[in-house]
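Contents: one structure, followed by commentary.
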Amino acid sequence: MESNWRVTYFKPDRQGEFFGGTSVRFAASMLTEEECGVILYDKNGREQRFPFSPEGQRGALYGLEIEGGGLENYTYNFYMGKQVMTSPYAREIRGLEKWGECQGGKRRTKGRLACHDFDWQGDEPLMIPLKDSILYGLNVRAFTMHKSSGVRRRGTFEGIVEKIPYLKKLGITAVVLMPCYEYDECMLPEKSRIPALLPKTPSGEESVAPEPEKSRLRLNCWGFQKGYYFAPKASYSAQKSPVNSFKNLVRELHKNGIEIMMQFYFPPETGQLYMLEVLKYWVEEYHIDGVRVSGFSIPCRLFAEEPVLKNTKIWCDYLPAEDMHIIDNPVFKNFLSNNGGYRNDIRRFLKGDEGQINQMLYYQRHNPKEYGVVNYLADYDGFSLYDSVSYEKKHNEANGEENRDGTDLNYTWNCGVEGESRRKNVRELRRKQIKNALAVLLLSQGVPFLFSGDEFADSRLGNNNCYCQDNEAGWINWKSNSFTNEVLASAQFFIRLRKSHPILHMKDELLVMDSMGCGYPDISYHGIEAWKPDFSYISRIAGILLCGKYAPKPGDDSFYIAYNMHWENHKLALPKPEKNKRWIKIADTSFPAESFSEEALDGKAFAEDIPAEKCVPESGRKKGAVMEKKNLTVELGSRCIAVFKTAPNMADVRVARAGRKKTVQKA
């Protein structure tokens, strides 16, 4: 230990460890009558204790400052009587550097006294508006751990950096990382279990519970437990400094126009002020763009009142209605919440359940002014998108809990065969259902959320609770084939379509009103006849018209999205488009994704030309006279979604082409 250190005391006003050149200030809350203080450890593990003093006490807070050289070579803990504790404010943790090295007991941890220089190169949070956001969830380790990922540093922050070109090509705007602050992933075997109470046998004798299986060591791959919230996870870093490793990830994502959000889980014993401190620290120190907060007693109002977080996206499972006047941010809409039962209800709609058409139309339009709603059909929990069309029952036996963990309510359909199948008709139906799911998700108002791997039909082998599967069941499998390529092409097309047309992702909720007096509502609903939607309990078909005149981008196209989730073909009538416009079909989930195209000129693309004079005008719903005109009906295959958009009339296109041709000839 150094002999030239000088120890002084101060009365702190907040907890934490604060570095200042050649000194470190320790401030800790110690509610005890026993001796308490700081322990410093050298490289050989030798320790020296520095007790706190009443001279540096304010309430339950104690302050101690050590000044001198070489402090960066030491680790530290706090002690209170015989109890030794690692600081919950430690910015770097030692003892958990290697993933899964559990040694059969709880690992000892220490905070590290180190300051890291990092060149941010002028980096700032991107502040992409919620209306333009497409979120992409991932687990740092599972994302690139599979050998098929093709990265050199698998399962690390650096592995995500290597995948940035893929993320850019996909078109997402933000990654949402599952917990990647420091925590001990080793779940120790249970020493005993309380046997379940069993009913008596018919003879009156008590049933004898079978002896439980011996517990085995498992790894918590998700991180939903108490952690060291100020420190990046060391085992996710491919370099010695996890601090610089994470900062480099943030900087490189920002350079490529991609935001980064972090998920935090706070157990019941976590203080609300501590939660606020954690979020502020990551925003200020690591330049993250947003947070996803889950757990217990989440103080949404406290987050909303904090000025530092006004430009930070904050995703909570639930937002209290009584706090909405504070959550509402007129400058930068930054709070998000789950869109009710979107996942379950849309899954039921996609598999053709009755009574879901009204729910689907509500969720498709729902987009409140005060906060953003997050739409997703799959997440880290529950079935993946592919498994939701391949399994109806959970298959969690590998978790070691006798298939009792995980939800039994999945609202999924296996398309006729449970699990993997080589039958062509089953695979084709599954592929179409996944494309339907992507179309519904990415063409809904609100903020879409894709979980990694769902964009190319990755499977978790029917496990709907992969929290402890550090293997191929829990890792993303990047191997491609015609099936995965088709699904990926669909996801890329619908993402491009959404980003190119503001009417598909408006800032506020559409009103179902003609507020502009242009002859069309901003959004309207249709059925077998135009302007006559069928909202009945047994209805499984609907058409949605989005009028491009209401988009903030001048001259945006209008869109008609036709949904048929019935197991039979149906015809829908198209409403008449605006003047000098025609309808063209640009996508149909019954067809291969490579044929999807917004370019419909010359008839070379997939798009189908639909003349306006054959469509039904809006006046047809008011007076029956116009209905005598033959309706243009669009044939929709069973369980499919088709997308139409407006385009210039062919006569106008020919005139424009002729003008361009003459200009070229003159030149």
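The values are calculated or read from the model by the stated rules, or taken from the named source; none is laboratory data. Since the structure is predicted, the reported quantities are computational estimates derived from the model, not experimental observations. Neighbour counts are summed over all protein chains in view; Cβ atoms, including those assigned to glycine, are modelled from backbone coordinates with ideal geometry. Protein only, heavy atoms only, side chains kept; ligands, DNA and RNA dropped before computing areas. Shrake-Rupley method; radii C 1.70, N 1.55, O 1.52, S 1.80 Å.
Roughly how many percent of the accessible protein surface of region 513-582 is carbon and sulfur, given a 1.4 Å probe and a whole-percent answer? That share works out to 55 percent.
Only helices enter this figure: runs of n ≥ 4 DSSP H residues, each worth -39500 (n - 2.57), summed and divided by the residues of the chain, yield -6000 deg cm²/dmol at 222 nm to the nearest 500. Rounded to the nearest whole Hz, the Karplus-based 3J(HN,Hα) values (6.51 cos²θ - 1.76 cosθ + 1.60, θ = phi - 60°) of region 280-294 follow the sequence 4, 4, 5, 5, 7, 7, 10, 6, 5, 8, x, 9, 10, 10, 9, with x at glycine and proline. Consider all pairwise Cα distances in region 28-104 and report the whole-number % of them above 21 Å. Beyond 21 Å sits 34 percent of the P(r) for region 28-104. Say the dipole of the chain comes from +1 at the beta carbon of Lys and Arg and -1 at that of Asp and Glu; which of 338, 476, 248 then lies farthest toward its positive end? Projecting each Cα onto the dipole axis, the largest value belongs to 476.
In summary, the aspartates and glutamates within cross-link reach of residue 553, defined as a Cα separation below 20 angstrom excluding same-chain residues under 8 places away, comprise 132, 508, 509, 514, 522, 578, 598, 599.
Kirkwood analysis of region 388-438, using all unique Cα-Cα pairs, places the hydrodynamic radius at 12.0 Å.
Across the protein chains, with a 1.4 Å probe defining accessible surface, the residues 420, 65 rank 420, 65 from largest area downward. Expressed as a fraction of 2.2 N^0.38 Å, the value expected for a compact globular protein of N residues, the C-alpha radius of gyration of the chain is 1.12. Within the chain, antiparallel bridges make up roughly 70 percent of the DSSP beta bridges whose residues both belong there. With only Cα atoms counted, region 1-138 has Rg and Dmax values of 18.5, 59 Å.
Ignoring any ligand, DNA or RNA, what whole percent of the accessible area of region 333-490 comes from carbon and sulfur when the probe is 1.4 angstrom? About 44 percent, which is the carbon plus sulfur part of the accessible surface. A convex hull fitted to the Cα coordinates of region 310-355 yields 101 cubic angstrom per residue. With the gyration tensor restricted to C-alpha atoms of region 453-564, the semi-axes of the equivalent ellipsoid amount to 37, 19, 13 Å, longest first.
Binning the alpha carbon pair distances of region 329-417 at 5 angstrom intervals from zero yields the distribution 3, 13, 19, 18, 17, 12, 8, 6, 3, 1, 0, expressed in whole percent.
Taking a Cβ cut-off of under 11 Å around residue 494, the surrounding Lys, Arg, Asp and Glu residues balance to a net charge of +3, with basic ones at +1 and acidic ones at -1.
Extension gain for residue 273-residue 369 works out to 31.8 nm (0.36 nm per residue, less the C-alpha to C-alpha distance).
Our note on the geometry: Cα centres of region 429-466 and region 227-277, 26 Å apart.
Here region 226-268 is assigned +1 on the Cβ of each Lys and Arg and -1 on the Cβ of each Asp and Glu. Its dipole about the Cα centre then comes out at about 140 debye.
A 21 angstrom limit on the alpha carbon distance is what I want to check against. Which of 82/106; 424/571; 169/255; 507/571 exceed it?
424/571; 507/571, as the Cα separations exceed 21 Å there.
Heavy-atom accessible surface of residue 18, to the nearest 10 Å², is about 50 Å², with a 1.4 Å probe and all protein chains retained. Pairs spanning more than 31 Å between alpha-carbon atoms, out of 98/499; 435/581; 394/499; 313/435; 163/585: 98/499; 394/499; 163/585.
Heavy-atom accessible area with a 1.4 Å probe sorts 635, 55, largest first, into 55, 635. Per residue, region 499-594 exposes 42 Å² of solvent-accessible protein surface, assessed with a 1.4 angstrom probe and all protein chains in place.
Atom-type composition of the exposed protein surface of region 209-313 places 50 percent of the accessible area on carbon and sulfur (1.4 angstrom probe).
With a cut-off of 16 Å on the backbone N, the residues of region 451-470 near the modelled label site 7 Å out from residue 481 along Cα-Cβ are 456-462. Solvent exposure of region 73-158, expressed per residue, is 47 Å² of accessible area, with all protein chains present and a 1.4 angstrom probe. When the P(r) of region 250-383 is calculated, the portion above 18 Å amounts to 60% of the C-alpha pairs. Ordered from highest to lowest accessible area with the whole protein assembly present and a 1.4 Å probe, 140, 7 read as 7, 140.
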